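Visitor: Right, I'll just put the structure down here and ask away after.
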Amino acid sequence: MAMSKAEKVATGSGGLRRTLRWLATHKGITIGGGLIGIIVLMAVFAPLFTSADPYSQDLLSTMLEPSWEHPFGTDDNGRDIFARVLYGARISLLEVVLSVGLAVVVGVPLGILSGMTGRYVDQAIMWCMDILFAFPGIVLAILIVSVLGTSLVNLLIAIAIFSVPVYARLSRNLTLGLKAMDYVEAAISLGVSRHRIMTHYILRNAIGPIIVQSTLTAGTVILSAASLSFLGLGAQPPLPEWGAMMSDGRNYLGLNIYMSLFPGLAIMVTVLGFNVLGDGLRDLLDPRK
């Protein structure tokens with residue numbers, strides 16, 4: 001029987017109330033997702049928010065303070081800081097997607113394989129992960145970039161490499177726990193192939209914690225990338241990368257603090273958004289709640 005117009009309106013309003021109630025209950029997801037959503041929208045649709053070219057120099061308009069024409073002021077080359085911060089968000093989000101994606105693609109299969117096989121394979125994989133864990137992440141990244149050369153691509157590879165052990169250990173621990181579950185033991189006794197067990201029984205049930213870890217790692221990736229770019233080991237001029245922008249502005253702190261202030265605020269807000277979102281997802285996916 002077709003619903004009347006009034007019933008449709010009531011159903012729609014009820015769904016909206018349930019959605020708003022759910023968002024109010026899960027404040028971490030709401031706040032963190034909102035911050036990240038705003039940053040993604042401003043990065044993707046940057047030309048709608050500013051008509052300035054982030055690479056265009058105007059040596060007659062250098063070191064200007066914030067104004068209607070230049071909301072964040074201009075840098076030492078007369079480039080619009082607001083435009084560079086917006087377009088720099090694209091680079092930072094690209095760093096997150098590629099670095100975290102590569103770390104997940106490499107680390108998760110290694111961890112699941114380690115947990116499923118055990119014995120010598122497990123020991124060999126975990127020894128390799130322990131070697132990587134022996135180095136502080138930023139120091140290992142500096143070492144890798146120094147060997148491969150300074151570029152944005154090599155920076156992403158370096159960050160992904162020191163993030164691999166995190167996902168390998170996490171997925172291994174999850175695999176060891178899931179392998180003892182009744183449904184996995186039943187699948188093994190029925191002769192289900194190891195590949196199918198790893199993909200359909202282990203990975204599917206481990207995807208929640210992996211997503212949470214990926215969200216939390218995103219903030220670390222942004223901080224690491226900004227730190228290396230600040231040291232001159234990441235994105236090279238004239239790319240509008242936030243860490244590189246802060247590095248350019250440190251020489252002019254006494255004349256124009258805005259060159260470093262606004263990229264630093266962008267880093268803080270983005271990292272905060274990912275961390276709050278990760279905490280919210282962790283609470284949502286916690287089976288004990």
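Visitor: Run the numbers on the chain and let me know its relative contact order in percent, using alpha-carbon pairs under 8 Å that are six or more apart. Walk me through the numbers on the way to the answer.
Guide: On the way: 401 pairs, mean separation 70.8, N = 289.
Once divided by the residue count of the chain, the mean separation gives 24 percent.
Visitor: So, one more: Determine the sum of side-chain charges near S171: Lys and Arg each +1, Asp and Glu each -1, restricted to other residues whose C-beta is under 13 angstrom from that of S171. It would help to have the intermediate numbers written out before the result.
Guide: Values: positive: R169, R172, K179, R204; negative: D122.
It works out to a net charge of +3.
Visitor: Then there's this: Using a 7 Å offset from the Cα along the Cα-to-Cβ direction at both V106 and V139, what is the distance between the two label points in nm, to one decimal?
Guide: Rounded to a tenth, the inter-label distance reads 2.0 nm.
Visitor: Follow-up question, since we're still on this one. Using a/c under 1.5 as the rounded threshold, could you call segment 78-237 rounded, prolate or oblate? The axes a ≥ b ≥ c are square roots of the C-alpha gyration tensor eigenvalues, and prolate needs a/b larger than b/c, oblate otherwise. Mind showing how you got there, number by number?
Guide: Working: a/c = 3.58, a/b = 2.09, b/c = 1.71.
Cα axes put segment 78-237 in the prolate bin.
Visitor: As an exercise, use a Förster radius of 22 Å and the Cβ-Cβ distance of T19 and D182 to find the FRET efficiency, rounded to the nearest 0.05.
Guide: The calculated FRET efficiency here is 0.05.
Visitor: Measure off 7 Å from each Cα along the Cα-to-Cβ vector at Q57 and N205, then give the distance between these two points in nanometres to one decimal.
Guide: 6.0 nm
Visitor: Taking the alpha-carbon centroid of each part, what is the distance from segment 98-168 to segment 44-76 in angstrom?
Guide: First find each Cα centre; the distance between them is then 39 Å.
Visitor: What's the ranking of 144-157, 227-240 by average number of surrounding C-beta atoms within 10 Å, highest first? Provide the component values of the computation, followed by the final result.
Guide: Details: 144-157: 16.3, 227-240: 19.8.
Taking the mean over residues of other Cβ atoms within 10 Å, the ranking is 227-240, 144-157.
Visitor: Computed FRET efficiency, Cβ-Cβ of I38 and R119, R0 45 Å: what is it to the nearest 0.05? Provide the component values of the computation, followed by the final result.
Guide: Details: r = 49 Å, r/R0 = 1.09.
So the FRET efficiency works out to roughly 0.35.
Visitor: Right, next: Give me the 1.4 Å probe accessible area per residue for the chain, excluding ligands and nucleic acids, in Å².
Guide: Working: 15580 Å² over 289 residues.
Averaged over the residues of the chain, the accessible area is 54 Å².
Visitor: How large, in percent, is the carbon and sulfur part of the accessible surface of the chain at a probe radius of 1.4 Å?
Guide: On the way: 10530 of 15580 Å².
Summing carbon and sulfur atoms, their accessible area is 68 percent of the total for the chain.
Visitor: Let me ask you something else. Evaluate the distance, in nm, between pseudo-label points positioned 7 Å from the Cα of L94 and of F45 along their respective Cα→Cβ axes.
Guide: 2.2 nm
The values are calculated or read from the model by the stated rules, or taken from the named source; none is laboratory data. Being a predicted model, the structure only gives us computed values, none of them experimental. Neighbour counts are summed over all protein chains in view; Cβ atoms, including those assigned to glycine, are modelled from backbone coordinates with ideal geometry. The accessibility values were calculated without ligands, DNA or RNA, using every heavy atom of the protein model including side chains. Shrake-Rupley method; radii C 1.70, N 1.55, O 1.52, S 1.80 Å.
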